[in-house]
Structure formats: structure tokens, C-alpha cells
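First comes the structure, then the notes that go with it.
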Amino acid sequence: FSLREFTRQLPKAELHLHIEGTLEPDLIFKLAQRNHITLPYPDQASLQAAYQFTDLQSFLDLYYAGAGVLITEQDFFDMTWAYFLRAQADGIVHTEIMFDPQTHTARGIAMETVFAGIARAARQAKSELGISSYLILSFLRHLSQADAFATLDAALPLRNQYSDLWIAIGLDSSEKGNPPAKFEKVYARCRELGFRLVAHAGEEGPASYVRDALQLLNVERIDHGVRSQDDPALMQYLADHAISLTVCPLSNIKLKVFDSLHQHNLKHLLDRGLNVCVNSDDPAYFGGYLLDNYMQSAQALNLQQADLRTLAANSLRSSFLPKEQKQTWL
Ligand code: ADE
Ligand code: ZN
């Protein structure tokens, strides 16, 4: 009975996952062919060879380009269904999936197409695989707040149709120079509308962005948040209020937030009593799905069964599932 099998069998939620970041090179090529799109790479191997990132932006450039092969409802379904099969293999019981509609609507894809494909896969995952999910519509922070408002307005007519899934709002893309304050008004509006709120903060950006995401945007969870360590008072606040940090170890190595997994602060945050959990972020680009993130972290940071149990329990506790439903897993 290996540590991997122990961890696989722990009920786990994945709370920080960009569905466009699950698009594997083979599916990129398959969809490009199906949609008569010519890629700037002759084959899968040369595309994959380009996955050598120096920072967040160098990744985002390829990630947005890769998403350009998604045209039809079936494309969004195929991408999302492939993720659910991986999730099942890793022992995930619940997932809260981020998607970036602006990446698609800017290319002339209808908002309905994006929702319909992802939602069909999520509903099928619930009925056929027993995996529940929610959707987190995420605004791209390199674009304006006006663009975020327009995206919200374009999505709201679909809210009733997808009310079983779309319950939350997120904020992602280029962090530096795009602080939480830029989105204060649209977050206030989303809050009035009754959405749950999360935001990326403290990945490449400073600890002050984590504070601002909490104070100005009123988010309940911080995506990444690893740079919080630079601010002792913030660390105390995060611990006292059990604020969830959705940490993504392999992502942080690939995007050079830390030099190696041995230097990652996951274990430090855990030992300081912070509510951290492990997630895969963009697994097709970062070399591992959820269970790989757990296992490589365990190996590099000498995590024991008790740590892995805590991380898995934190993921479920920090999910947006109703209390009664969480308790069936905890
Ligand atoms: N979009 C997809 N992955 C992201 C990440 N790790 N940080 C910010 N935006 C993202
Ligand atoms: Zn992310």
C-alpha cells in the first residue's frame, strides 16, 4: 500500500484549476485539425518543447494561443470531459473549475457555447462519475474593469440555466501591475448578485495584493497566496481567520515562483497553521495533475500521511459545497 495509493484514496477537492489549462497537446492538435486551424508548430513534440517558461507571462502567452483551437460546444465538452477522467483517476470527489470567457468571446465565440460545453461535461461527470463541480467565471485582470463588467453582463442571462454550476467569480492572468483595486467595483457588483468570490493574489505579485484581495474585493479564498509569507501580520490574519490558500506547487516551479520544490513554502504554511490545499492550476502545461502535485510535494518536502490528510481535508473544507455535503467526506 503505497503513499500514492493512500493519497489517491483520500477524498479530495480541486479548487484551483483553469479548464483551458487542461488542454493537452494531443487535444490541441486534434481540435486544430477538426476546426481547420493551422498551428504555428509542426507537431505535438515541438509544441511541447515550447513549454519552457521563465515567468507567468511567458506561460500565459502560450496558454491563450492554445485556447484558440476551442471553437464549438463539442470542443469545450471534450476538453472538460478529459479533465474529469483525470480527476476520477486521481480520486477527486469535487472540483471548482475556473474558466476565462474573455479568451473566447474576444475571438467571436458565443458565451453560450463556452458555458454549454463545459456544463454538459460537468453534469455528465456528476451522473456518470459521481464527481460534483462548480464553475468559477474568471475575469482577465490584464483587461479593463469595463471589459469585466461587459463579460458579467453577457453571462448573467445564462445564470438561471446554469445555476447548479456557476456560483462563483474569479480573477486571473497577469498579476503584476494589475492589482485587486482595479476590480473593486465589479467585485462589489458580483457580491450584490450573490456570487462567491475568489481571486489570484500573491503568486508573482506582492503580499499587499493578498491583503487587497481580502479587504477591497472581499474574496473568501486566495488562489496561490504563497507570497503572504513576506508579511508576518498578514500570515497571522490568514491563520486566525482560516482563509483558504489554493496552492499550486508544480505551477510555482514551472513559473519560477520558487527555484525548486524543495524550496517551496507549502509545508511552512501548513506548519504555521494556515488553511492551505494543493491544486494543479494548469496541469497540461505544468507536468502534473492533482495527485502528482500531492506526491511530488510529499517527496520534496517530506510530507507525512498526517500532512496529506490535512491538505485533502482542507480542500474539502474550503470548497463552496453546502456544509452537510462536505461533512459526508470529512
Ligand atoms: N491563468 C491560468 N493560470 C494562471 C495562473 N497560474 N496565474 C494567473 N493566471 C492564470
Ligand atoms: Zn491559477
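Classified by the C-alpha gyration tensor, the stretch 174-246 has an oblate form. Its axis ratio a/c, with a ≥ b ≥ c, is 1.5 or above, and a/b does not exceed b/c.
Every Cα-Cα pair of the chain was included, and the share exceeding 29 Å stands at 32 percent.
Label-to-label distance, LYS176 versus GLN48, with points set 7 angstrom from Cα along the beta-carbon direction: 3.0 nm. Computed on protein heavy atoms with a 1.4 Å probe, the accessible areas place LEU316, LEU129 in the order LEU129, LEU316, largest first.
Taking amide H as placed 1.01 Å from N in the peptide plane, the amide H of TYR289 sits under 5 Å from none that are at least 5 places away or on another chain.
Compute, for the chain, the length of the dipole vector about the Cα centre, with Cβ point charges of +1 (Lys, Arg) and -1 (Asp, Glu) only. Units Debye, rounded to 20.
Numbers: 29 positive and 38 negative charges, 124 e Å.
Dipole of the chain, to the nearest 20 debye: 600 debye.
Compared with the direct C-alpha span, the chain from ARG189 to ARG159 gains 9.3 nm at full extension, assuming 0.36 nm per residue.
Surface composition of the chain: carbon plus sulfur atoms hold 49% of the accessible area, using a 1.4 angstrom probe and ignoring ligands, DNA and RNA.
Projecting label points 7 angstrom from Cα along Cα→Cβ for LEU129 and GLN263 puts them 3.5 nm apart. Enter the Cα centre distance for the pair the stretch 24-67 and the stretch 298-314, rounded to the nearest angstrom. For the stretch 24-67 versus the stretch 298-314, the Cα centre distance is 33 Å.
Here LYS326 is the anchor, and the lysines within straight C-alpha reach of less than 23 Å, apart from those fewer than 8 places off in the same chain, are LYS12, LYS126. Under 1.5 on a/c is rounded, so check that first for the stretch 15-86, then, if it is not, pick prolate when a/b is larger than b/c and oblate when it is not; a ≥ b ≥ c are the square roots of the alpha carbon gyration tensor eigenvalues. Cα axes put the stretch 15-86 in the oblate bin. The distance linking the stretch 269-295 with the stretch 83-135 is 19 Å (Cα centroid to Cα centroid, whole angstrom).
Would you rank ASP259, ASP230, ASP100 by solvent-accessible area, highest first, keeping every protein chain in place and using a 1.4 Å probe?
If we order ASP259, ASP230, ASP100 from most to least accessible, we get ASP259, ASP230, ASP100.
Between THR72 and GLN299, residue separation times 0.36 nm minus the direct Cα-Cα distance comes to 77.7 nm.
Just the C-alpha atoms of the stretch 1-124: what Rg/Rh do they give, with Rh taken as the Kirkwood radius? Spell out each step's value before the answer.
On the way: Rg = 15.6 Å, Rh = 15.6 Å.
Taking Rg over the Kirkwood Rh, I get 1.00.
For the stretch 179-312, the solvent-accessible area of protein heavy atoms averages 37 Å² per residue (probe radius 1.4 Å; ligands and nucleic acids excluded). Legend: calculated FRET efficiency, GLN57 to PHE149, from the Cβ-Cβ distance at R0 = 25 Å, rounded to 0.05, equals 0.55. Within the same chain, lysines fewer than 8 places from LYS254 are excluded, and of the rest, those with a Cα less than 23 Å from its Cα are LYS176, LYS267. Dividing the convex hull volume of the alpha-carbon atoms in the stretch 69-122 by its residue count gives 71 Å³ per residue. Farthest towards the positive end of the charge dipole of the stretch 1-134, among the residues GLN57, HIS94, ILE19, is the Cα of HIS94, using unit charges on the Cβ of Lys, Arg, Asp and Glu. Each residue of the stretch 244-249 was assigned a 3J(HN,Hα) from its phi angle through the Karplus curve 6.51 cos²θ - 1.76 cosθ + 1.60 (θ = phi - 60°); the sequence is 6, 10, 8, 7, 10, x Hz, with glycine and proline shown as x. A helix-only calculation puts the chain at -13000 deg cm²/dmol for mean residue ellipticity at 222 nm, using -39500 (n - 2.57) for each DSSP H run of at least four residues, averaged over all residues. Across the stretch 120-142, the residues whose backbone nitrogen lies under 19 Å from the label position 7 Å along the beta-carbon direction of THR328 are 122-135. Among LYS12, LYS326, LYS176, the order of accessible area from largest down is LYS176, LYS326, LYS12, computed with a 1.4 Å probe on protein heavy atoms. Placing +1 on the Cβ of every Lys and Arg and -1 on the Cβ of every Asp and Glu, with no other charges, gives the stretch 85-194 a dipole of roughly 80 debye about its Cα centre. Using C-alpha pairs below 8 Å separated by at least 6 residues, the relative contact order for the chain is 20 percent.
The values are calculated or read from the model by the stated rules, or taken from the named source; none is laboratory data. Because the structure is a prediction, the values reported are computed rather than measured. Note that we place each Cβ from the backbone using ideal geometry, even for glycine, and neighbour counts take in every protein chain shown. What goes into the accessible areas is simple: the full protein's heavy atoms, side chains included, and nothing from ligands, DNA or RNA. Shrake-Rupley method; radii C 1.70, N 1.55, O 1.52, S 1.80 Å.
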